[in-house]
Amino acid sequence: MRKASAGLVAAKSVVHALALTPLAILGWQFYDVWQRGSDALGADPVAEIEHRTGLWALRLLMVALAVTPLRQLTGQPVLLRFRRMLGLYAFFYATLHLAVYLGLDLRGYWTQIFEEIAKRPYITVGFTAWLLLVPLAITSTQGWMRRLGRRWGQLHKLVYAIGVLAVLHFWWLVKSDIREPLLYAGILAVLLGWRLWKSVSRRRTAAAR
């Protein structure tokens, strides 16, 4: 039992380290640009920071959505222990993405966000995805799971809509070369398709009894 607990702690530590590595690299490059004027973040550092934080939010969201299928395929329930952590890191990077947009792109003119939301559809869907992530992050604790009961699972199904909105945000943002957003759209389609297939299979099995 102790070995299993120690192994889980070690595995979680590795996941924490991996999830924070992109931020550490970005922070180091930002410092290099700030102090030495290097081109570590390209010609437009703000746009690069926005892109990377948003991309890692999307990647971690996809990994979090992949936990349930992986658990079902491997029969390893311990994988579910990482789902909440990955989801919170996705929210963390999405919040950084929004903060960079507000603080560095709009440069403090936060009132413009409402004009941007109304004017630019990709910002509309991106901001909506972030707003939907907020209640999921708040209710991710064991205490909220107990308080909400069955409603907790219903609430957290919002993650499927969030995934669709996040991919759409990326797709509309890119505009021309859609190969990368198309890849994430394909991954999301597989993950949601798996859930749909499992749901239909369960209903058929229940109806046959």
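The values are calculated or read from the model by the stated rules, or taken from the named source; none is laboratory data. Model, not experiment: these values are computed from the prediction. All Cβ positions, glycine included, derive from the backbone under ideal geometry; neighbour counts span all protein chains shown.
Please verify whether Tyr160 is among the aromatic types (Phe, Trp, Tyr), in a helix (DSSP H, G or I) and in contact with a Phe, Trp or Tyr (Cβ under 9 Å, 6 or more places away or on another chain), treating the condition exactly as stated. No; evaluated as a whole, the condition is false for this residue. Gln72 meets the conditions (1) over 22 Å from His156 (Cβ atoms); (2) surrounded by fewer than 18 Cβ atoms within 10 Å (Cβ to Cβ); (3) not β-branched (Val, Ile, Thr) in every case but one. The failed one is (1). Would you call Ile162 of a type in the set (Val, Ile, Thr), in contact with a helix residue (DSSP H, G or I) (Cβ under 8 Å, 6 or more places away or on another chain) and either modelled with pLDDT under 95 or over 18 Å from Pro121 (Cβ atoms) (or both)? No: the conditions fail for Ile162. Among residues of the stretch 1-43 being at pLDDT below 95, of a type in the set (Ser, Thr, Tyr) and surrounded by 11 or more Cβ atoms within 10 Å (Cβ to Cβ), the one that is nearest to Ala90 (Cα to Cα) is Tyr31. Applying the condition of being in contact with a Gly (Cβ under 8 Å, 6 or more places away or on another chain) and part of a helix (DSSP H, G or I) to the stretch 130-154 and asking which residue is surrounded by the most Cβ atoms within 10 Å (Cβ to Cβ) yields Leu136.
Selection of first residues in the stretch 1-12 that are assigned to a helix (DSSP H, G or I) and hydrophobic (A, V, I, L, M, F, W, C) and of second residues that are surrounded by 10 or more Cβ atoms within 10 Å (Cβ to Cβ) and modelled with pLDDT of 80 or more, restricted to Cβ pairs under 8 Å at least 6 apart or on distinct chains, gives the following pairs, ordered by first then second residue: Leu8/Val78; Leu8/Arg81; Ala11/Phe82. When only residues in the stretch 78-128 that are basic (Lys, Arg) and outside any helix (DSSP H, G or I) count, which is farthest from the chain's Cα centre (by Cα)? Looking at residues that are basic (Lys, Arg) and outside any helix (DSSP H, G or I), I get Arg107. When we screen Lys175, Lys157, Lys119 for residues that are basic (Lys, Arg), surrounded by fewer than 14 Cβ atoms within 10 Å (Cβ to Cβ), modelled with pLDDT of 90 or more and under 22 Å from Ala94 (Cβ atoms), the only hit is Lys157.
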